[in-house]
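Undergrad: To start, I am sharing the structure in question, which I have written as structure tokens.
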Amino acid sequence: MSKAFLLLPLMVSSFVNGANFKSSNNRLEECRVLPPIAEGDMSKKDLEQEQELCAIDLYASQVGMCPKTWSTSAATMILDISETGLSPAAFEQSRCGDRKNFERLAKFKTTMNQSGTSGTTSASSWMYYKLSRHLDTLVEVPVAVLRTVDKDILSKRVASRARGMGAMNR
């Protein structure tokens with residue numbers, strides 16, 4: 001137990017690596033990876049997945065963003081829409097409810113602590129990921145990185161389409 005408490009200062013230290021993006025509103029967006037944890041068992045696959053997540057360009061013509069509305073924690077599903085022949089705008093307008101048929105590239109978790117919600121904290125994903133590798137857990141915890149998104153783009157492409165869906169994550 002004390003091993004985990006010693007790691008907390010390391011968890012909040014500066015993020016490293018990653019990529020920068022510009023939104024269509026010309027705002028800087030970032031993707032960053034948490035620094036390695038002492039004695040953490042990071043696999044080659046973990047490190048590759050961190051870089052793959054940071055390489056996703058949310059403004060690419062083959063990437064769609066849809067609200068995750070089917071459970072209690074709010075999120076944005078980042079989907080590969082290359083096989084649809086639709087633009088991101090057309091896909092997001094007409095197909096976001098059809099979550100079964102598209103490859104999920106990532107899930108973008110948001111912090112939501114308002115009354116009536118399940119109380120999701122996005123930073124917990126990073127800590128679960130890094131601590132699971134340090135503690136060598138039996139449970140498979142997905143790779144997590146920090147990715148910022150222009151709030152106006154997120155509102156227009158995702159949040160505005162989630163209204164009225166899922167009582168806990170409107």
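Since every read-out is calculated from the coordinates, none of them should be taken as a lab result. Bear in mind that the values here come from a model prediction, so they are computed numbers and not experimental data. Heads up, the Cβs are rebuilt from the backbone with ideal geometry, glycines too, and the neighbour counts pull from every protein chain shown.
Undergrad: If I model a spin label as a point 7 Å beyond the Cα along the Cα-Cβ vector, how far apart are those points for residue 148 and residue 128 in nm?
TA: Once both label points are built, they end up 2.4 nm from each other.
Undergrad: Hey, another quick one. Which length gain, in nm to one decimal place, applies between residue 139 and residue 22 when the Cα-Cα distance is subtracted from 0.36 nm times their residue separation? It would help to have the intermediate numbers written out before the result.
TA: On the way: separation 117, 0.36 × 117 = 42.12 nm, distance 3.57 nm.
Net length gain for the segment: 38.5 nm.
Undergrad: Which GluC sites (Glu not before Pro) does the range 15-72 hold that lie in a coil by DSSP with at most 15 other beta carbons within 10 Å?
TA: 39
Undergrad: While we're looking at this one, here's another question. Quick one: which residues, 5+ away or cross-chain, put their amide H under 5 Å from the amide H of residue 106? H built at 1.01 Å from N.
TA: Distant-sequence amide H within range of residue 106: 78.
Undergrad: Beyond a 21 Å Cα-Cα separation, which of these cross-linked pairs lie in this structure: 107/130; 45/151; 44/109; 107/151?
TA: From 107/130; 45/151; 44/109; 107/151, over 21 Å: 45/151; 44/109.
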